[in-house]
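Step one of this worksheet: look at the structure below.
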Amino acid sequence: MIMNEWIVYLLFAAGMFFLGLYCLLTMRNLIKLFIGIEIIGKGVSLVLLSTGLARKSILLAQSLVVTYIVLEVSLVAVALAVIINLYRANQSLDIRSLTRLKG
Amino acid sequence: MTFQIILLAAMIAASAFAVLARDLLKAAVALAVSSLILGVIFFRMGAPYAGVFEISVVAGLITVLFMLTIALTKQGDDVRESKTVKIAFPLFFLVFALIDIFIMRGILAKVPALEGAAEAGTFGEVLWKERSFDLIGQLAVILAGVLSVLALFRKRDRHDHE
Amino acid sequence: MIFLYIGLPLAVSAVLPLVGKASKRVLPDILANTVLAGLLVYAATGARALLAQGPVIQQVRWLGEAVNIRIALDGFSLFMLMTIQLVSLCIALYSINYMEHYGAKANYYALLLVMVAGMNGLVLSQDLFSVYIFLEVAAVASYALVAYGLGAEELEAAFKYLMLSVVASAAVLVGIALLFGMTGALGFDAVAAGLRLLEAKGVAGVAAALFLMGFGLKAALIPFHAWLPDAHPSAPAPISAVLSGLLIKVSGVYAIARIAFQVFDLPSALSQVLMWMGAVSIVVAAFLALGQADMKRMLAYSSISQVGYVVLGIGIGTPLGVAGGLFHLFNHALAKGLLFLTSGSVQQATGTRNLDEMGGLAKRMPWTAGTNLIGALSISGVPPLGGFWSKLIIIIALIQTGEAALAVIAVLASVLTLWYYLIMQRKAFFGKLAEQWSKVKEAPFWMTAASVLLALLVIGTGLWFATVFSSWIQPAADALAKGF
C-alpha cells in the first residue's frame, strides 16, 4: 500500500521534471529558464520526501529536504546575480543574445 | 490520499502556468503558489519542518529574490517567446503524462525494497545528531553563496575587461 | 585531525573578506598560501602516518559530545587530498601576480578556499548525500569563479555552466533517492550491503544511469561535454587550471569511481559503459581540439580527451587498470594545471589567446615556453615524463583484459594528442618573433615560479615514477578495488 503511494508522488514529481525541462529547452528569457530550474528543484524535493515516507523514515528525509532547500537558496542567489550582471552587460535577457561562445 | 492528489495536480497546474505565463511577475507569483502548495503537501505527509521551510524560504525568500531581479532588469522584459511553444505544450504534456503513467505502473511498481524499521526520536535529533555533517555542508554552501554574491556585485576598480 | 581539511579552509575563507578590508593584497596572499601549504604538508606527513594502521574513520567531538560527523580517510582519499592541495597551492602562488588586475583579491581567495573545502569534503565523506552536498559547495563557488572577470563572455559561460550543472545535480540526487528508497540507507557500505541482499539489477541500473549522467556531466564526458569548452577558457587562468586540473576530476571522476566500486561493486555492464564512454571522449575531443585556434579552448578540449583516459583506465576494473587511471589523473592534474597557467601568462603578456596571432614567443618568454613544452609532452605521453608511464599502464591493462580494440584507440589518440600540442607549441612559441610582440616581457616572478614548480613536479613524477607509483598510486588503487 505504502509503495503505491510512493508511485503516485513519483508520478507527479516526474511531471515537475518534464515541466522544468520543457521550460529549459523552449524558453528564451533567462529568468524564465531559471524558473524551469526551480520547478525541477521542487520535483527533486518531492522525490526525496516521498521516498522517506515510503521507507517510514520521514524524519531523515525531512532533514535531507531542509538541507536541500538551503542549498537551493544559495544557488538561486548566485544564479540571479549572474543574470543581473548578464543583463547589465548585454542590455537584454534574451538567450539569443548569448552568442559569443560557440558551445 | 485523494486530497493529496488534488493538491499535487494543483501544484503541477501552478508550475505549468509559471512556465507559460508571458508576464514574468505573474510567473514568479505562480511559482510561489506552487511552492505554497508543495509546503502544504509536505505538511500532510508528516514533515512539518520541511513544509515550513518550503513555505517560508522557497515561497517567501526566493520569490522576493526573483521579484528583485525582475525589477532590476525591467527593460529586458519583452523577450518574445515563440508561439508554437505554447500551442505545442498541451500535446507534449499529454504524451509525456501517458508515458509517465505507463512507466511508473509497469516498472517502478516492482521496485524491490528492504523492510525498514520505524525510526525513533525527533526531527531535531535526526538533523543535529545523525546528519550533523550536513550542517557543515549547509554552512559551507551559505558561505559560498555569500562570497559569490559579494564577488559578482563588487566594484570594478581597475579592471576593464571588455 | 582530518576534519581540518574541511574546517580550516572554511574558517579562513569566512574571515578573508574582513582581512581584505585591512590589507588589500599582502595579507590575503600570505593567508591563503599558508593554509594550502600547511594542508599539503599535513597530507604528506601526518595523514600518511595515520593511515599506516589502516583506514581511519574520525568521529568529531563538539562541546564534549560526539556528533555524527564521520569522515573517513583511506588510500584513495588521501591520494586525492594530496593532489587537490598540491595543485591548488601552485594555483594560489600563481594568483599572487595574476589576480592583481581583477581586484578584490581577498574575495577571490575566499572563493578558492571554499571550493577546495568542498572538494576535500567530497573526498572525505562516506555517505551519498554528503557527496551531493559537497559537490554543490564546490560547484556554487566555481560558478562565481568562472564569472569572476565580469565580462559578457565570462558571464555567459558561467550561466550555461550553471544551467547544465544544476540539471546534473538533480539527476544525481534522484539516483540517490532511488537507492535510499530501495535500501533505506545513505552510507556507501550500507547501501552496498542492501543492494547485495536485494539483487535488483534493473532498478540499480536506473540509479547507475542517473549517476552516469550526473557525474558524467560534471566530468564533461562526451556526450555531456558541451559546457566545458566555454566555461574553462572563460575563467581567469588559475581558475581554469583548478577546474580542469581538479574540479572535473573530483566531482566527476572521483565520485563516479567511488560509487561504481564501493556501492555498485562494478558490474561488468557498468565497466563496459565506462570504458566506452572514456574511449569515445578520448577520440572525439582529440579531433575537436585539433581544429581550435584559441589556445585555452584547445586545452579545454584536451581536458575532455584526457579525462577519457582516466575513466577508461578506471573502467577496466582490474587493479592495474585502476592504478593506471589514477596515475593518469595525477599526471593530468599537474600537466593541465601547468598548461593553463602558462596560457594565462601568454594571455597576460600579449592580450590574446589566438594561436594564429602569436609566434616566436619563446625568445621573449623562455621560462613560459619551456614549462609549456614540458606540460605538453607529458600529456602527449612522451617518455620519460609522467604522462607516458600512466598511458603505458592503461594500455598494458587493456591488453591484459583482452580489449585490443580499445588499446589501439588509446595509442592512436595519444599520437593525435602529440600532434595538436606540437601545433600549439609551434604556433605560439617557436618560429619567427612577430613584430608586435617585440616588447613582450617574461611573466612576473610568482607566475613563473608556480609554472616552474609544476614543471619540476611533472619531470619528477616521470623520473621517479616507480617510487611515486608504489607509495601513492598503488595504495589508492588498492583501497578503491578493495572497498572501505
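With the checklist (1) open to solvent by less than 20 Å² (accessible area, probe 1.4 Å); (2) under 21 Å from A:Val8 (Cα atoms) in hand, flag the one item A:Ile83 doesn't pass.
Failing condition for A:Ile83: (2).
Is region C:224-236 home to any residue that is under 14 Å from the mean Cα position of the chain (by Cα), part of a helix (DSSP H, G or I) and modelled with pLDDT of 85 or more?
yes
Among the residues of region C:28-37, which ones are surrounded by fewer than 16 Cβ atoms within 10 Å (Cβ to Cβ) and touching a residue at least 12 places away in the same chain (Cβ under 8 Å)?
Across region C:28-37, the qualifying residue is only C:Ala37.
Which members of region C:443-483 meet the condition of being among the aromatic types (Phe, Trp, Tyr) and within 20 Å of C:Gly324 (Cα to Cα)?
C:Trp464, C:Phe465, C:Phe469, C:Trp472
If I go through region C:378-394 residue by residue, how many of them are at pLDDT 90 or above and open to solvent by 30 Å² or more (accessible area, probe 1.4 Å)?
So the answer is 3.
Sort out which residues of region A:49-74 are under 25 Å from B:Leu135 (Cβ atoms), touching a residue at least 24 places away in the same chain (Cβ under 8 Å) and open to solvent by 10 Å² or more (accessible area, probe 1.4 Å), and write them in order of number.
A:Leu53, A:Lys56, A:Tyr68, A:Glu72
I'd like to check something: does region A:4-11 contain any residue that is open to solvent by less than 10 Å² (accessible area, probe 1.4 Å) and touching a Phe, Trp or Tyr at 6+ places or on another chain (Cβ under 8 Å)?
no
What are the residue pairs meeting all of these: first residue in region C:181-203, first residue more than 25 Å from C:Ala72 (Cα to Cα), second residue part of a helix (DSSP H, G or I) and not aromatic (Phe, Trp, Tyr), Cβ atoms under 7 Å, and 6 or more apart or on different chains?
Close Cβ pairs (under 7 Å, with a partner that is part of a helix (DSSP H, G or I) and not aromatic (Phe, Trp, Tyr)) amount to C:Leu198/C:Met182; C:Ala200/C:Met182; C:Val203/C:Leu178; C:Val203/C:Met182.
With the structure loaded, tell me whether C:Ala410 is assigned to a helix (DSSP H, G or I), of a type in the set (A, V, I, L, M, F, W, C) and modelled with pLDDT under 90 or whether it fails that test.
no
Of all residues in region C:102-131, count the ones that are within 30 Å of A:Ala61 (Cβ to Cβ), open to solvent by 10 Å² or more (accessible area, probe 1.4 Å) and at the interface with chain B (Cβ under 9 Å from one of its Cβ atoms).
Qualifying residue count for the region: 1.
With the structure loaded, tell me whether B:Leu139 is at pLDDT 75 or above, under 30 Å from C:Lys105 (Cα atoms) and not small (Gly, Ala, Ser) or whether it fails that test. Break it down stepwise before answering.
Working: at pLDDT 75 or above: yes; under 30 Å from C:Lys105 (Cα atoms): yes; not small (Gly, Ala, Ser): yes.
Answer is yes for this residue.
Pick out the one residue from A:Leu24, A:Leu30 that is under 17 Å from the mean Cα position of the chain (by Cα), open to solvent by less than 10 Å² (accessible area, probe 1.4 Å) and either within 8 Å of chain B (Cβ to nearest Cβ) or not acidic (Asp, Glu) (or both).
Exactly one residue qualifies, and that residue is A:Leu30.
Considering only region B:51-72, state which residues are open to solvent by 60 Å² or more (accessible area, probe 1.4 Å), at the interface with another protein chain (Cβ under 8 Å from one of its Cβ atoms) and more than 22 Å from A:Leu46 (Cβ to Cβ).
Answer for region B:51-72, where residues must be open to solvent by 60 Å² or more (accessible area, probe 1.4 Å), at the interface with another protein chain (Cβ under 8 Å from one of its Cβ atoms) and more than 22 Å from A:Leu46 (Cβ to Cβ): B:Leu68, B:Leu72.
Return the only residue of A:Leu64, A:Leu49, A:Leu53 being more than 7 Å from chain B (Cβ to nearest Cβ) and on the phi < 0 side of the Ramachandran plot.
A:Leu64
Out of (1) open to solvent by 20 Å² or more (accessible area, probe 1.4 Å); (2) farther than 16 Å from A:Leu64 by Cβ, the odd one out for B:Pro48 is which?
Here B:Pro48 meets the rest and fails (2).
Before we move on, is B:Ile12 more than 7 Å from chain A (Cβ to nearest Cβ), over 24 Å from A:Leu86 (Cβ atoms) and not basic (Lys, Arg)? Walk me through it before giving the result.
Numbers: more than 7 Å from chain A (Cβ to nearest Cβ): no; over 24 Å from A:Leu86 (Cβ atoms): yes; not basic (Lys, Arg): yes.
For B:Ile12, the condition - more than 7 Å from chain A (Cβ to nearest Cβ), over 24 Å from A:Leu86 (Cβ atoms) and not basic (Lys, Arg) - is not met.
Run down C:Phe340, C:Phe330 and say which single residue is open to solvent by 10 Å² or more (accessible area, probe 1.4 Å) and either in a helix (DSSP H, G or I) or not polar (S, T, N, Q) (or both).
The match here is C:Phe330.
If a residue must be over 21 Å from C:Glu136 (Cβ atoms) and assigned to a helix (DSSP H, G or I), how many such residues does region B:129-154 contain? Walk me through it before giving the result.
Step one: filter region B:129-154 for residues over 21 Å from C:Glu136 (Cβ atoms), giving B:129, B:153-154.
Applying the additional criterion that residues be assigned to a helix (DSSP H, G or I) yields B:129.
So the count comes out to 1.
Out of region C:209-239, which residues are within 14 Å of another protein chain (Cβ to nearest Cβ) and small (Gly, Ala, Ser)?
C:Ala209, C:Gly214, C:Ala220, C:Ala226, C:Ala231, C:Ser234, C:Ala235, C:Ala237
When region C:161-194 is examined, which residues are found to be in a helix (DSSP H, G or I), farther than 30 Å from C:Leu228 by Cα, within 7 Å of another protein chain (Cβ to nearest Cβ) and open to solvent by 10 Å² or more (accessible area, probe 1.4 Å)? Let's see the steps before the verdict.
Step one: of region C:161-194, the residues in a helix (DSSP H, G or I) are C:161-183, C:188-194.
Within this subset, residues satisfying the condition of being farther than 30 Å from C:Leu228 by Cα are C:180-183, C:189-194.
Pick out the ones that are also within 7 Å of another protein chain (Cβ to nearest Cβ) and you get C:180-183, C:194.
Answer for region C:161-194, where residues must be in a helix (DSSP H, G or I), farther than 30 Å from C:Leu228 by Cα, within 7 Å of another protein chain (Cβ to nearest Cβ) and open to solvent by 10 Å² or more (accessible area, probe 1.4 Å): just C:Thr183.
Check off (1) more than 10 Å from every other protein chain (Cβ to nearest Cβ); (2) within 19 Å of A:Leu33 (Cβ to Cβ) for B:Gln75 and give me the number that stays unchecked.
(1)
The values are calculated or read from the model by the stated rules, or taken from the named source; none is laboratory data. What you are looking at is a predicted structure, and each value in this text was computed from that prediction instead of being measured. Please note: Cβ atoms are built from the backbone with ideal geometry, for glycine as well, and neighbour counts cover all protein chains shown. Quick note on the areas: whole protein, heavy atoms, side chains included, nothing else; ligands and nucleic acids left out. Shrake-Rupley method; radii C 1.70, N 1.55, O 1.52, S 1.80 Å.
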